[in-house]
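In what follows, a structure is listed as structure tokens, so that the remarks can point back to it.
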Amino acid sequence: MTLDLERINAELGNDAEKLVAWALGLGKTAICTTNFRPFEAVILHMVTRVQPDIRVIWMDNGYNTEATYRFADEVSKQLDLNLSIYLPKRSSAHRNAVDGPVPGLDDPRHEAFTAEVKLEPFARALRETAPEVWFTALRASDTAVRAQMQPVSINPDGLIKVAPLLHWSSKDLYQYLTTHNLPNNFDYFDPTKGEENRECGLHLSH
């Protein structure tokens, strides 16, 4: 099946819920990745309303805040998520003991750190779940790279990437959370990004 991406993005790109329904209506194996950052409950609620048992993938880098771990548990219980957690092959304690604290952005070891705690677990998740559709909560306002993306795209490997919230503002997300009585979490830190507007690598390599 060949997708007319230009038409799909034009017709559905600004209607997140219709886009989710369309993508799940393709009848393909789908996953939704999450990092439980602020407003993540929006995408999780949106996809599970249509397909309650969709596989939700969390690459837990081991360096999340306590609030993020509590938030992950709260959202998982509230939405009854079919959650699969992918961890790095070394625990953060093991890594810190051998290699020291998280390397800074200007440290030449930072790239290897990102590969270990995020990219390798994601590659493993893709191998094990073999999805055909990938839902992500990325937003155009996050980074310069994401500002150039379309709500629906196809990766070189054929994976259909769907970003229903690409054009949503923080106000839109907040209103959705309020309407559906969903929790939120602002105590979040991604050690692979270091800065809010820096790309983590997941959406560069895939």
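Going by how many other Cβ atoms sit within 10 Å of their own, how do Met149, Met46, Met59 line up, fewest first? Write out the running numbers ahead of the final one.
Numbers: Met149 18, Met46 21, Met59 25.
Ascending number of Cβ neighbours within 10 Å: Met149, Met46, Met59.
On a straight-distance basis, which aspartates and glutamates could pair with Lys28 in a cross-link, Cα separation under 13 angstrom, same-chain partners fewer than 8 positions away excluded?
Cross-link targets: Glu132.
Could you work out which residue, out of Phe189, Phe135, Phe122, moves most in a Gaussian network model of the chain, that is, has the largest mean-square fluctuation with Cα springs under 10 Å?
Residue with maximal mean-square fluctuation among Phe189, Phe135, Phe122: Phe189.
Between Tyr174 and His94, what FRET efficiency follows from the Cβ-Cβ distance if R0 is 45 Å, with the result rounded to 0.05? Write down the numbers at each step before the final one.
Details: r = 38 Å, r/R0 = 0.85.
Computed FRET efficiency for Tyr174 and His94: 0.75.
How big is D for the chain, in µm² s⁻¹ as a whole number, if Stokes-Einstein is applied with the Kirkwood radius of its Cα pairs at 20 °C and 1.002 mPa s?
Details: Rh = 17.6 Å.
Reported coefficient: 122 µm²/s.
When only C-alpha pairs under 8 Å and at least 6 residues apart count, what is the relative contact order of the chain, in percent?
29
For a quick check: with amide H placed at 1.01 Å from N, whose amide H comes under 5 Å from Tyr86's, ignoring anything fewer than 5 positions away on the same chain?
Trp58, Met59, Asp60
So what's the angle, to the nearest 10 degrees on a 0 to 90 scale, between helix 120-129 and the longest Cα principal axis of the chain?
That helix lies at roughly 40 degrees to the long axis.
Amide H to amide H under 5 Å from Phe39: which residues, 5+ apart in sequence or cross-chain, H placed 1.01 Å off N in plane?
Asn185
Mind checking the full-extension length gain between Leu105 and Arg124? Use 0.36 nm per residue of separation minus the Cα-Cα distance, one decimal, nm. Don't skip to the end; give the middle numbers.
Numbers: separation 19, 0.36 × 19 = 6.84 nm, distance 2.47 nm.
4.4 nm is the gain from fully extending Leu105 to Arg124.
Check the straight Cα-Cα distances from Lys171 and name the lysines below 28 Å, setting aside those fewer than 8 residues away within the same chain.
Within the straight-line limit of under 28 Å, Lys171 reaches these lysines: Lys18, Lys77, Lys161, Lys193.
Given the rule -39500 (n - 2.57) for each run of at least 4 DSSP H residues, summed and divided by the residues of the chain, what is its mean residue ellipticity at 222 nm, to the nearest 500 deg cm²/dmol? Please report the intermediate quantities before stating the final value.
Values: 10 runs with 83 residues, N = 206.
Theoretical 222 nm ellipticity from helices: -11000 deg cm²/dmol.
Just so you know, all these numbers are worked out from the coordinates, no wet-lab data involved. Here the structure is a predicted model, which means the values were calculated and not measured. Here the Cβ is made from the backbone with ideal geometry for all residues, glycine too, and neighbour counts use every protein chain on show.
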